[in-house]
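These notes are about the structure you will find just below.
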Amino acid sequence: MTSLKITPLHPSLGAEIDGVDLSGPIDGPTRQALSRALADHLALVFRAQALTPGQYLAAASAFGPPMEQHYSQHNMPDFPLIGLIWHRHGQQPAEQWHTDHTNRERPPAATILYGVEIPPAGGGTSVANMREAYRALSADERRRLDGLTTFNSLDSGRADTRPEDRDKYGAPIQHPMVRTHPVHGSRAVYFHISKATHIGGMTPEASRAYMADLLDRMIRPEIVYHHAWRKGDVLVIDDRATMHRAHGDYDRRQSRILWRIIVEGDRPRLV
Ligand SMILES: [Fe+2]
């Protein structure tokens, strides 16, 4: 087994992993150690990687089988399991706190980002620990959230969504607002404010207002790791117990290109 060195990056979440070259094969024990590190630290950073698309896909599979992304117009033509995040390709930075692809019955376990071109300033990615966010709520509010579910679809108001993606991924999917982590066993708050059409038993307007209020109250600097990108970084985010957001505070004349892979996860459940 490769000897992993795990260095925490923030008191609440995030760890840098040394001793793994993602361009080569990753043995079984190392895969297990990485999965455990992800469940514990929720965001893993690998520095100075140099990966071809094929090597990147092979490395990502250490965290689960890569799965299709639903805005297929942004996928790499020869490697459709890799999505391109690139403003010159039409994507807006996702600046709202969210977790990915909640409109899937089995949403991704992890989102993996590889920094291919990085602007000299700004353009970071923040990740919030929703396990700690859950713990910090009052017992009454935890009880209330434990009983709520969201109904999820594709984001409304995106003009460039392909009809075939809408057919495949537009059907409403119900998820608990609190989910138990399948590896860690802890609970975390789980929702996507713009993919949730509503919370069960609430109007869309009241649902949105409640989710926005929750985000305001829950996401404090104490539970956020901010990743300032360096070219060659690979950032792995545990989608089962975090939310993340992009920062659009960079010069659009500069290039910022991230390659995104999402890997299969379990159906969210509260136990
Ligand atoms: Fe995202």
> How big is the charge dipole of the chain about its Cα centre, in debye rounded to the nearest 20, if each Lys and Arg gets +1 on its Cβ and each Asp and Glu gets -1 on its Cβ?
Replying inline: 260 debye
> When averaged across all projection directions, what area in nm² does the alpha-carbon convex hull of the range 154-271 cover?
Replying inline: 10.0 nm²
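Counting each pair of different Cα atoms once, what's the Kirkwood radius of the range 62-152 in Å, rounded to one decimal? Provide the component values of the computation, followed by the final result.
Details: mean 1/r = 0.0616 Å⁻¹.
Evaluated on the range 62-152, it is 16.2 Å.
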> Where in the chain are the DSSP H helices whose C-alpha atoms run 18 Å or more along the long axis and whose mean Kyte hydropathy is at least -0.5?
Replying inline: 204-218
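Given a cut-off of 13 Å, what percent of all Cα-Cα pairs of the range 105-147 lie beyond it? The partial results should precede the final answer.
Numbers: 661 of 903 pairs.
For the range 105-147, the share of Cα pairs beyond 13 Å comes to 73 percent.
Probe of 1.4 angstrom, ligands and nucleic acids ignored: what's the accessible area per residue over the chain, in square angstrom? Intermediate results must be reported in sequence, preceding the final value.
On the way: 11770 Å² over 271 residues.
The answer is 43 Å² per residue.
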> Running Debye on the range 1-87 with equal point scatterers at the Cα sites and no solvent, what base-10 log of I(q)/I(0) appears at q = 0.11, 0.18, 0.22, 0.26 Å⁻¹?
Replying inline: -0.35, -0.88, -1.14, -1.30
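When only Cα pairs under 8 Å and 6 or more residues apart are kept, what is the percent relative contact order across the chain? Walk me through the numbers on the way to the answer.
Details: 584 pairs, mean separation 92.5, N = 271.
That works out to 34 percent.
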> Could you state the number of Å between the C-alpha centres of the range 193-271 and the range 82-145?
Replying inline: 2 Å
> In debye to the nearest 20, how big a dipole does the range 217-270 give about its Cα centre with +1 on each Lys and Arg Cβ and -1 on each Asp and Glu Cβ?
Replying inline: 180 debye
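How would you order 155-165, 179-189, 251-261 from highest to lowest mean count of nearby Cβ atoms within 10 Å?
Numbers: 155-165: 11.3, 179-189: 18.6, 251-261: 17.1.
Final packing ranking: 179-189, 251-261, 155-165.
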> Average projected area of the Cα convex hull of the range 208-271, in nm²?
Replying inline: 7.0 nm²
>> Let me check I've understood the local charge: for I173, count other residues with C-beta under 11 angstrom from its C-beta, Lys and Arg +1, Asp and Glu -1. What total comes out?
In response: +3
> In 10 Å bins starting at 0, how do the alpha-carbon pair distances of the chain split up by percent?
Replying inline: 7, 31, 38, 21, 4, 0
> Ranked highest first by the average count of other Cβ atoms within 10 Å around their residues, in what order do 17-28, 232-243 fall?
Replying inline: 232-243, 17-28
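For the chain, what does the helix formula give at 222 nm: sum of -39500 (n - 2.57) over DSSP H segments with n ≥ 4, over the residue count, nearest 500 deg cm²/dmol?
Numbers: 6 runs with 59 residues, N = 271.
Helix-only estimate at 222 nm: -6500 deg cm²/dmol.
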> If we sort 222-229, 42-49 on the protection proxy, mean other Cβ atoms within 10 Å, highest first, what's the order?
Replying inline: 42-49, 222-229
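Using just the alpha carbons, could you tell me how many Å³ per residue the convex hull of the range 1-148 encloses? Write out the running numbers ahead of the final one.
On the way: hull volume 22.8 nm³, N = 148.
Roughly 154 Å³ of hull volume per residue.
Counting pairs of Cα atoms in the range 98-226, how many percent are more than 22 Å apart? Working shown, then result.
On the way: 3562 of 8256 pairs.
The answer is 43 percent, as a whole percent.
The values are calculated or read from the model by the stated rules, or taken from the named source; none is laboratory data. Since we're looking at a predicted model, the values are computed, not measured. As a convention, Cβ positions derive from the backbone with ideal geometry for all residues, glycine included, and neighbour counts pool all protein chains shown. When the accessible area is computed, the model is the full protein with side chains, heavy atoms only, and any ligands, DNA or RNA have been set aside. Shrake-Rupley method; radii C 1.70, N 1.55, O 1.52, S 1.80 Å.
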